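Enquirer: Handing you this structure, nothing more for now.
Any read-out appearing in this document is the output of simple, stated calculations on the displayed coordinates, not a laboratory observation. Keep in mind that this is a model prediction, so the values were computed, not measured. Every residue, glycine as well, gets a Cβ built from its backbone with ideal geometry; the counts of neighbours run over all protein chains shown.
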There are 4 protein chains.
Amino acid sequence: MNVNATKDEVDNVLAHVRDRGFKPIELPGADRLAIGVLGSNPASIRDAIVDLPGVADAVPVSKPYKQVTREWQPRQTVVDVGGVRIGDGSFTVIAGPCAVEGLEQMTSTARAVARAGAAILRGGAFKPRTSPYAFRGLGADGLDHLDAARSATGLPVVTEVLTPGDVETVAQRADMLQVGTRNAQNFALLEAVGAATRPVLLKRGLSNTVEEWLLAAEYVVSHGNPGVVLCERGIRTFETATRNTLDLAAVPLVKSLSHLPVVVDPSHATGHRHLVPAMSLAALAAGADGLLVEVHPDPENAMSDGPQSLTFEMFDDLMARLRRLAESLDRRLATAPSQEKAANRG
Amino acid sequence: MNVNATKDEVDNVLAHVRDRGFKPIELPGADRLAIGVLGSNPASIRDAIVDLPGVADAVPVSKPYKQVTREWQPRQTVVDVGGVRIGDGSFTVIAGPCAVEGLEQMTSTARAVARAGAAILRGGAFKPRTSPYAFRGLGADGLDHLDAARSATGLPVVTEVLTPGDVETVAQRADMLQVGTRNAQNFALLEAVGAATRPVLLKRGLSNTVEEWLLAAEYVVSHGNPGVVLCERGIRTFETATRNTLDLAAVPLVKSLSHLPVVVDPSHATGHRHLVPAMSLAALAAGADGLLVEVHPDPENAMSDGPQSLTFEMFDDLMARLRRLAESLDRRLATAPSQEKAANRG
Amino acid sequence: MNVNATKDEVDNVLAHVRDRGFKPIELPGADRLAIGVLGSNPASIRDAIVDLPGVADAVPVSKPYKQVTREWQPRQTVVDVGGVRIGDGSFTVIAGPCAVEGLEQMTSTARAVARAGAAILRGGAFKPRTSPYAFRGLGADGLDHLDAARSATGLPVVTEVLTPGDVETVAQRADMLQVGTRNAQNFALLEAVGAATRPVLLKRGLSNTVEEWLLAAEYVVSHGNPGVVLCERGIRTFETATRNTLDLAAVPLVKSLSHLPVVVDPSHATGHRHLVPAMSLAALAAGADGLLVEVHPDPENAMSDGPQSLTFEMFDDLMARLRRLAESLDRRLATAPSQEKAANRG
Amino acid sequence: MNVNATKDEVDNVLAHVRDRGFKPIELPGADRLAIGVLGSNPASIRDAIVDLPGVADAVPVSKPYKQVTREWQPRQTVVDVGGVRIGDGSFTVIAGPCAVEGLEQMTSTARAVARAGAAILRGGAFKPRTSPYAFRGLGADGLDHLDAARSATGLPVVTEVLTPGDVETVAQRADMLQVGTRNAQNFALLEAVGAATRPVLLKRGLSNTVEEWLLAAEYVVSHGNPGVVLCERGIRTFETATRNTLDLAAVPLVKSLSHLPVVVDPSHATGHRHLVPAMSLAALAAGADGLLVEVHPDPENAMSDGPQSLTFEMFDDLMARLRRLAESLDRRLATAPSQEKAANRG
């Protein structure tokens, strides 16, 4: 429908669709309403509605996910995260520790990754853990430390939300909300971040097909939040030599199917820091829009995911290699807004 | 610790554990506190604490999950669901439609499965769906229809909860709370049902190992709810001829590791109604404590999961075959409390 | 085609098929020639050929495998293994050690499993091993020990073939040829056993779909050997708590698709002897035609697969439980021909 | 052992190993004998044997595969394929059709890929096919066409062997022998190519772990053939959007574990030509030693694997992108020996 279509115009279209024996679904988007039509002969319905008042266009979409397809929106989505743009052709490196462990750990890491050229800071304040007895994150204190790290470096921050009740609190403090792999089909949470005003980093579920992953994104977008960045982080297979199996072919596949940006998490995918640089370079070569990579000042003593975290030195070296590779691909690494701007914002 | 151990006694044990270089974890259970000790030489710590005041016993537990193991509690847990006991040696059949679609559908199905000998009624009022555009259940109206079906038949009911915010509402209306496969590692939800007073039917996650599944159960039990029934419902593998791959060997495996009852869902596991009877009989022969099976008055027109739902006739036939097989294994099918009792309760 | 169709009649049918724009494939079977027709409108071609001279019938087959389908042959295949019938409604237990280790081991095991009621003896003389440094079997000596064990007990024997060059030698000594899981798509070997005069025990490949498994059987049958028994032995999945994941639902599924008998190998599927009895009972309840189970006089010291081998005592107990369960299902355990007959045969 | 160690010296070492309660295994390599020692205290045995006559060195190897590890041989293996070196730091592109379909198809493709810069030609004369009714390759005629294509271009050729009986014939005609994914654990075939004088392209099995894959390579090397190139071609997982799941992280992993070269087959891994270029670039960036890529003059009408074959134009474009990317990584694309030399050789 047009951006300014009236309720009567919408109702008229719905009636026409029903009259022809099809089922209409209202698909509210970020800035206008779409009407999906389910049925097997899209050509016939197109002719019947395309010229009705208030109708902007009639687009056939062959997939179960609709608004995230390139059929629906051919133009690439660019997501703005606190002034950093993901999906604009640059390569955005998001780096930081798995878990926020303290103020000093967070700010020293933020400074190190900022200096090396990362554009966004990551760090978990609320941690989903397989065991109820494992370290679950610092919670609200962790959000404070992320704030401090942002003030110190100007890097926008992304952090995870675990439950619908957390979304509003976290959205007030973070620049981007992460939905983790174990919540990739937690539909109540997807709806909650769909109603939030912050962009969303949506990890692929451990055993989600590409179709299920895009349907998860459709949940967020169809609840009104167009700012979704997809994150491939490895799927579960029979192979145990790596923590998961990085499905890198999903990057060009998803980019052909969807207009949403796609980043790669080589840390969780491989589980071993010595494999992270090779997979980071491969992600860039495969056309990903960015990376999510774990960096820790002292990986041996990290409270979570130490074996897969890069040291500062390894991260410096990786950034230099990424920069050179990006150039040969006519791309550049995304940069964060200046520290001054960030300080003013605080 | 003893049931009536004082705070001083607990603190004293914690101090002793720390003094010896181990890390103590308080594990609050349903009726008493346990203290877990993490470290690599359990024998030495055992001697140091077993005779302290307030200590009931010191039990070595080799698994990452603790309270759900047979090492911790050798005795089989029996879970009471509205008067039906699961895990007492009988075979409990839980049956009903995937989704509550209306009053007539729900009560007719309840009467049919009750007549055939089912002990508990299932039906989803809140449905998790892969697509945001699919039927999501009738919500509160669905709970009303479940109430009506219980009143009509005396069958206790189990229904799914999707988010922590729903737990209290649903717990007031249903006899058992189901946590679905996509929420099997939604830790906030596991904690919420852990704090509820209703027993929990915990489905195995689509790609969860047995260890992860038992850790999910540990979340519920460690938050104070000992009434967990595990449900094997098929895992995701490369095979697409069936909807999932029923991992039936997980039944004797989990029963050897844990004291919790285990039931099998052959409907979601296979996805094809013609495979459900064979897998139901196999589940009984493998030692499962019961079944969760989908039955619908008109599967061809079901709003969800029609292809895997049994007709009333198929369910009648299955129950007769299960009854005969149970006898040969010196077991019997569990029965529901009488309709009168149920009516009084309403 | 009719059993006695002439070459001219065959050529005439081929020409008619080609004239209508379809592609004919000659499918030589055990006792007559079939002509497969590839194309998308089977009804039209049926009318054109069903009344031609030499044509027995025209049967539409919707699957990529043809001769193994029930569409092609609705009647259940019964495979005769040295006088033991598999697929006739009885439940055939094939038992013995993973590897033939010596004369004494083989004959003592044969006597123990015969006494307990097994119908066929298994034992590997040629062993496929993942490592080139592992025990590879006794080879020709192993065949001698199998001979001796058969003479001592009257049990027919099944043993594995690894390469086309072995088929003739092994076929002269064994009653049934086993094709192992790692050779399930070794098409040269499938063709070689397809040309042999002994029945074939065809294990499902580690990551084979049901369709690929039936196509492997089609290789054997289409090369002239109708005596194929399918063996489900677990597939490879992400779960490592068991050696493989027993896909028991494949039993009723394959039995609905194909007329070939299906047996289950709970030993390789689970990898743990304590899970073997439950899965054996489940296999019977699921409708399998038999079992392939590992039994060893001293599992702790077995040269291969000790952890999954039953002791004699466990096997005795299992057979008693299977016998009782079979009765309740109106089935009986298959029995071997008498020792006298076997001795005469030797 | 030293290259010129005598039999007495070998026997003396074997005796010393046995005397200390360990089990020695003779591991014949390409140019000298090694003696593996199985047991749990390698340090103690090392001291006992390292100074015995004829002993070159005592190297602890922690993996079940021995001779393929970097512990055994730290130096990278370089495999010579008809004058093209794989593993010397360059990036070797092997290209051609899935199946040899005819002389014209083969020579035109050879000329096209040679012109674009491929170093080795691929083409299957003997094709393993899941269905017995599918096109199985031209056999000996296919080998003739490969010969002609080599003469026309100077490109060495690699082609598949299916059974031990084919190895000698194919080895006389081809420069490299391919072992396909379905034969990755066909141990009789691995032994046969281990005894051949041509290098071997060893594809990873559909569901093989990295450990099993390296053990397959160990079969070849331990039978005397050091010229093994490993080929990652995708593993089987739950995801069906791609034909297989390319496990690109296996490249840096295997290169850290083993001294053997590793190439990537993006065609079979993805199954879709539009994903092949991105995965080819990613393979180079991940550190692979080369590519195996399918190219066909008319993919729409290919007899096998058309949907995943590149057109000539796509291949030209890919080679240009690979060349540029290689430069930025300080690598270069390998080149074939000149056409003149090849002509002289013919």
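Enquirer: Let me confirm one metric for peptide B:251-257, namely the mean number of other chain beta-carbon atoms within 10 Å of its residues' beta-carbons. Mind dumping the intermediate values first?
Expert: Numbers: counts 4, 10, 8, 1, 1, 4, 1.
What the average comes to for B:251-257 is 4.
Enquirer: Of all DSSP beta bridges located in region C:79-345, what percent are antiparallel, nearest 5?
Expert: Working: 4 of 31 bridges.
Looking only at bridges with both residues in region C:79-345, the antiparallel portion is about 15 percent.
Enquirer: Still on this structure: Using just the helices of chain D, give the 222 nm mean residue ellipticity in deg cm²/dmol: DSSP H runs with n ≥ 4 each add -39,500 (n - 2.57), and the total is spread over all residues, rounded to 500.
Expert: Numbers: 12 runs with 124 residues, N = 346.
The helix contribution divided over chain D gives -10500 deg cm²/dmol.
Enquirer: What are the residues whose amide H is under 5 Å from the amide H of B:V228, where those residues sit 5 or more places off or on another chain and H is modelled from the backbone?
Expert: B:V200
Enquirer: Using a Gaussian network for chain C with springs between C-alpha atoms less than 10 Å apart, which of these wobbles most: C:S207, C:S151, C:S328?
Expert: Most flexible of the set in this elastic network: C:S328.
Enquirer: Trypsin sites (Lys or Arg not before Pro) within region B:193-265: which are DSSP loop residues with at most 10 other Cβ atoms inside 10 Å? Display every interim value, and only then the final one.
Expert: Working: sites: B:K203, B:R204, B:R233, B:R236, B:R243, B:K255; in loops: B:R204, B:R233, B:R236, B:R243.
When the trypsin sites (Lys or Arg not before Pro) of region B:193-265 are filtered for loop state and at most 10 Cβ neighbours within 10 Å, nothing remains.
Enquirer: Which ³J(HN,Hα) values in Hz, rounded to whole numbers, follow from the phi angles of region B:99-110 under the Karplus curve 6.51 cos²θ - 1.76 cosθ + 1.60, where θ = phi - 60° and Gly and Pro get x?
Expert: Once rounded to whole Hz, the list reads 10, 5, 10, x, 5, 5, 4, 6, 6, 5, 5, 4.
Enquirer: Tell me, what HN-Hα J-couplings in whole Hz come from the Karplus equation 6.51 cos²θ - 1.76 cosθ + 1.60 at θ = phi - 60° for each residue of region A:310-325, using x for Gly and Pro?
Expert: 3J(HN,Hα) across region A:310-325, in whole Hz: 7, 6, 4, 5, 4, 5, 4, 4, 4, 4, 5, 5, 5, 4, 5, 5.
Enquirer: Moving to a separate point now. Quick check: pseudo-label points 7 Å beyond the Cα along Cα→Cβ at C:T311 and D:K63, how many nm apart are they?
Expert: With each label placed 7 Å out from Cα toward Cβ, I get 3.9 nm.
Enquirer: When the dipole is taken about the Cα centre of the protein assembly as shown, and only Lys, Arg (+1) and Asp, Glu (-1) are charged at their Cβ, what size is it in debye, to the nearest 20?
Expert: Numbers: 140 positive and 160 negative charges, 1 e Å.
That gives the protein assembly as shown a dipole magnitude of about 0 debye.
Enquirer: I've got another one for you. Considering only B:D47, B:D147, B:D175, give the residue with the highest GNM mean-square fluctuation for chain B, with springs between Cα atoms whenever their separation is below 10 Å.
Expert: With Cα springs under 10 Å in chain B, the top fluctuation among B:D47, B:D147, B:D175 is at B:D47.
Enquirer: Roughly how many debye, to the nearest 20, is the charge dipole of region A:7-49 about its Cα centre, given +1 on each Lys and Arg Cβ, -1 on each Asp and Glu Cβ, and no other charges?
Expert: Numbers: 6 positive and 7 negative charges, 37 e Å.
Charge dipole of region A:7-49: 180 debye, to the nearest 20.
Enquirer: If you don't mind, another one. Around D:G124, which amide H atoms from residues at least 5 apart in sequence, or from another chain, sit under 5 Å from its own amide H, with H modelled in the peptide plane?
Expert: D:A99, D:V100
Enquirer: Still on this structure, please answer the following. For peptide C:275-281, compute the average count of partner chain beta-carbon atoms within 10 Å of each residue's beta-carbon.
Expert: Details: counts 8, 2, 3, 12, 7, 2, 8.
Per-residue shielding by partner chains comes out at 6.
Enquirer: Taking the rotation axis that maps chain C onto chain D, which residue of C brings its Cβ closest to that axis, and at what distance in whole Å?
Expert: Per the C/D rotation axis, the closest residue of C reads C:S207, 2.
Enquirer: Placing +1 on the Cβ of each Lys and Arg and -1 on the Cβ of each Asp and Glu in region B:7-49, which of B:V37, B:H16, B:L27 has its Cα farthest towards the positive end of the resulting dipole?
Expert: Farthest towards the positive end: B:V37.
Enquirer: Using label points projected 7 Å from each Cα along Cα→Cβ, tell me how many nm separate D:R70 and A:E327, to one decimal.
Expert: 2.8 nm
Enquirer: Work from the charge dipole of region C:222-346 (Cβ charges, +1 for Lys and Arg, -1 for Asp and Glu, about the Cα centre) and give the residue of C:A241, C:V254, C:P299 farthest towards its positive end.
Expert: C:V254
Enquirer: Return a single number: how many Lys pairs in chain C, at a sequence separation of 8 or more or on separate chains, have alpha-carbon atoms below 23 angstrom apart.
Expert: Eligible lysine pairs with Cα atoms under 23 Å apart amount to 10.
Enquirer: Put a label point 7 Å from Cα along the Cβ direction on B:A195, then list its distances to the equivalent points in the other copies in nm, shortest first.
Expert: Nearest first, the other copies' label points are 2.0, 7.1, 7.3 nm away.
Enquirer: On to the next question. For D:R70, place a label point 7 Å out from Cα along the Cα→Cβ vector, do the same in each other copy, and report the separations in nm, one decimal, smallest first.
Expert: 3.8, 4.5, 5.5
Enquirer: Once you charge only the Cβ atoms, +1 for Lys and Arg and -1 for Asp and Glu, what is the size of the charge dipole of chain B about its Cα centre, to the nearest 20 debye? Provide the component values of the computation, followed by the final result.
Expert: Working: 35 positive and 40 negative charges, 74 e Å.
Approximately 360 debye in magnitude.
Enquirer: Along the charge dipole of chain D, Cβ charges K/R +1 and D/E -1, which of D:G224, D:V276, D:V61 sits furthest on the positive end?
Expert: D:V276
Enquirer: Under 10 Å, Cα contacts only: if you run a Gaussian network model on chain A, which one of A:S222, A:S309, A:S62 comes out with the highest mean-square fluctuation?
Expert: Greatest mean-square fluctuation among the candidates belongs to A:S62.
Enquirer: Okay, next question. Just in region D:58-165: which trypsin sites (Lys or Arg not before Pro) are loop by DSSP and have at most 12 other Cβ atoms within 10 Å?
Expert: Values: sites: D:K66, D:R70, D:R75, D:R85, D:R111, D:R115, D:R122, D:R129, D:R136, D:R150; in loops: D:K66, D:R70, D:R75, D:R129, D:R136.
Answer in residue order: D:R75.
Enquirer: What does the copy distance list look like for C:R115, label position 7 Å along Cα→Cβ, in nm and ordered from shortest?
Expert: Between copies, matching label points for C:R115 lie 5.4, 7.8, 7.9 nm apart.
Enquirer: Another question about this same structure. Enumerate the amide H contacts of D:A34 below 5 Å, restricted to partners 5 or more residues apart or on another chain; note that Pro and chain-start residues carry no placed amide H.
Expert: D:L27, D:G29
Enquirer: May I ask you to evaluate 6.51 cos²θ - 1.76 cosθ + 1.60, the Karplus curve with θ = phi - 60°, for each residue of region A:167-178 and list the ³J(HN,Hα) values in order in whole Hz, giving x for glycine and proline?
Expert: Listing the rounded values in order: 4, 5, 4, 5, 5, 6, 10, 10, 8, 8, 9, 9 Hz.
Enquirer: Taking 0.36 nm per intervening residue step and subtracting the Cα-Cα distance, what contour gain separates D:A48 from D:D141 on full extension?
Expert: Working: separation 93, 0.36 × 93 = 33.48 nm, distance 5.73 nm.
Separation in residues times 0.36 nm, less the Cα-Cα distance, equals 27.7 nm.
Enquirer: While we're here: May I ask for the net charge around A:P164, where only other residues with Cβ less than 11 Å from the Cβ of A:P164 are counted and Lys, Arg are +1 while Asp, Glu are -1? Intermediate results must be reported in sequence, preceding the final value.
Expert: Numbers: positive: none; negative: A:D166, A:E168, A:E191, B:D166.
Net local charge, A:P164 excluded: -4.
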